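Read through the structure below, which is laid out as structure tokens, and then see the notes.
The values are calculated or read from the model by the stated rules, or taken from the named source; none is laboratory data. Keep in mind it's a predicted model, so treat the numbers as computed, not measured. Please note: Cβ atoms are built from the backbone with ideal geometry, for glycine as well, and neighbour counts cover all protein chains shown.
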Amino acid sequence: MRIAVLSDIHGNLPALEAVLASLAPFDAVWQLGDICGYGPQPNEVVARLAELGAIGVRGNHDAAALGELATETFNDDARAAVEWTAGRLEPAAQRWLAALPARLEVDGFTLVHGSPRDPTWEYVYSVPVARSNLSRFATDHCLVGHTHVPLIFREAVAHDGGARVETIAPDHRTALTLDARRSIANPGSVGQPRDGDRRASAMLLDTDGPTLEWRRIDYPIADVQRMMARARLPARLITRLQFGL
């Protein structure tokens, strides 16, 4: 089965559509949270995911837009964007987002937004954080988002025979075969990449391998920026799309 794995779409419908076209054909869509926030089309993104029968989890921006998470720890731009989103979410989108769990196990994978240890807030950026989280899920593999950076952390054997964790930073068309080693994989961000590459980032999971393949996809960034400007979303959020930062 071919599964499109998406995260951090952040209300960016053109990026989502470009990613879906690139990953097709696929049999299912798994999403790792932060469907809304930052971008100008939260209702349209939710509707598209619902149309596809996507399953997955809720992110911190989704919870904040629903009024279920305080925004005091958000920076000013993120707070302004999530408040804008909260004021525009339609009832159908609210219901769909509210039904999402914080954690989901499906077909041998654990899905969370942040980390297995803290599904809402923790960023899995470093080897020490990844190592401490590898024992926090029951499946062999875990899929996370939140950092907006494509990465995989995987158990490995050190030269002295001890345990270590290796880090792989995938690029376009990087493919990785999954084996018995436990791993934590991040597809990167569809709607707001932050690794210096402005192209949308996503992942294709082939459960027959099983293999993971990362994709980087161009999309009409200027169109999204114009929509954000019309909505009077924060200027910094508009500008950063063109730099992937």
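Any residue in segment 128-149 that is more than 30 Å from residue 47 (Cα to Cα) and among the acidic types (Asp, Glu)?
yes
Let's see how each residue does on (1) charged (D, E, K, R); (2) closer than 14 Å to residue 190 by Cβ; (3) not in a helix (DSSP H, G or I):
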site: 16; (1), (2), (3): no, yes, no
site: 29; (1), (2), (3): no, yes, yes
site: 61; (1), (2), (3): no, yes, no
site: 70; (1), (2), (3): no, no, yes
site: 73; (1), (2), (3): no, no, yes
site: 77; (1), (2), (3): yes, no, no
site: 89; (1), (2), (3): no, no, yes
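To keep it simple, each residue is scored yes or no on (1) at pLDDT 95 or above; (2) basic (Lys, Arg); (3) closer than 24 Å to residue 230 by Cα.
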residue: 42; (1), (2), (3): yes, no, yes
residue: 46; (1), (2), (3): yes, no, yes
residue: 51; (1), (2), (3): yes, no, no
residue: 55; (1), (2), (3): yes, no, no
residue: 62; (1), (2), (3): yes, no, yes
residue: 67; (1), (2), (3): no, no, no
residue: 72; (1), (2), (3): no, no, no
residue: 78; (1), (2), (3): no, no, yes
residue: 90; (1), (2), (3): yes, no, yes
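Taking the options 229, 202, 180, name whichever one is in contact with a helix residue (DSSP H, G or I) (Cβ under 9 Å, 6 or more places away or on another chain) and not in a strand (DSSP E or B).
229
Would you be able to say whether some residue in segment 96-107 is closer than 30 Å to residue 165 by Cα, part of a helix (DSSP H, G or I) and among the hydrophobic types (A, V, I, L, M, F, W, C)? Don't jump to the end; show me each part of the working.
First pass over segment 96-107, keeping only residues closer than 30 Å to residue 165 by Cα: 101-107.
Those still in the list that are part of a helix (DSSP H, G or I) too: none.
Looking for residues that are closer than 30 Å to residue 165 by Cα, part of a helix (DSSP H, G or I) and among the hydrophobic types (A, V, I, L, M, F, W, C), one finds none in segment 96-107, hence no.
Please name all residue pairs, on different chains or six or more residues apart, with Cβ atoms under 9 Å, provided the first residue is in segment 16-27 and is farther than 16 Å from residue 213 by Cβ and the second residue is hydroxyl-bearing (Ser, Thr, Tyr) and part of a loop (DSSP other than H, G, I, E, B).
That search, which allows pairs on different chains as well, returns 16/219; 17/219; 18/219.
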